[in-house]
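A short worksheet on the structure shown next.
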Amino acid sequence: MSRLDLLGRNAEIIRNVVSQAAPVSPEAIVIVVTNPLDEMTALAADVSGFPRRRVVGMAGVLDSARLRYFIAEELGVSPLGVEAMTLGSHGESMVALPRHATVDGRPLPELADEATLDRLFRRTRDGGAEIVALLKKGSAYYAPSASIV
């Protein structure tokens with residue numbers, strides 16, 4: 001099942017939750033975690049009527065954290081010394097930015113060859129599916145929900 005397959009079901013849930021929460025929490029900041037993230041974040045903004053700066057999605061944060069961890073693991077360094085980011089939605093449309101990634105201030109492309117970078121970026125892109133496979137059934141809800149808290 002792709003993230004776009006979730007569109008109808010998750011749109012119904014977002015509409016329901018946001019339409020009930022917004023009137024009783026008019027100053028809230030909404031952080032959307034559900035997939036497909038970009039579409040659900042736009043829907044939550046529309047349904048809430050909140051200013052766009054108070055409705056955000058967190059795919060980039062989660063994917064960027066995954067990428068930093070995978071780089072650190074590959075190079076045997078602390079994740080605290082790794083700076084890296086991704087753009088776009090989860091999954092297939094995620095884009096990593098290797099020229100902007102550093103490890104202890106050194107450019108990542110100086111520390112890893114192209115094949116290693118491609119493997120790390122693929123693993124980051126497919127990280128959610130990797131977690132679901134490890135769970136054997138169900139959803140990878142735990143990591144995103146824990147990180148949002």
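The values are calculated or read from the model by the stated rules, or taken from the named source; none is laboratory data. Note that this is a predicted model, so its numbers are computed, not measured. Positions of Cβ are generated from backbone atoms using ideal geometry, with glycine treated the same way; all protein chains shown enter the neighbour counts. Keep in mind that these areas ignore ligands, DNA and RNA; they rest on the heavy atoms of the full protein, side chains included. Shrake-Rupley method; radii C 1.70, N 1.55, O 1.52, S 1.80 Å.
The rows are residues; the columns are (1) in contact (Cβ under 8 Å) with a residue 12 or more places away in the chain; (2) over 13 Å from the mean Cα position of the chain (by Cα); (3) crowded, with 20+ Cβ neighbours inside 10 Å.
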residue	(1), (2), (3)
E27	no, yes, no
V32	yes, no, yes
N35	yes, no, yes
F50	yes, yes, no
A59	yes, no, yes
L62	yes, no, yes
R66	yes, no, yes
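For residues that are under 17 Å from G60 (Cβ atoms), open to solvent by 60 Å² or more (accessible area, probe 1.4 Å) and part of a helix (DSSP H, G or I), scanning just region 100-147, find the one that is modelled with the lowest pLDDT. Residue satisfying both the conditions and the ranking: S147. If you go through region 68-99 and pick out every residue that is open to solvent by 60 Å² or more (accessible area, probe 1.4 Å), out of contact with any strand residue (DSSP E or B) (no Cβ under 6 Å at 6 or more places or on another chain) and either in contact (Cβ under 8 Å) with a residue 40 or more places away in the chain or not in a loop (DSSP other than H, G, I, E, B) (or both), you end up with 8.
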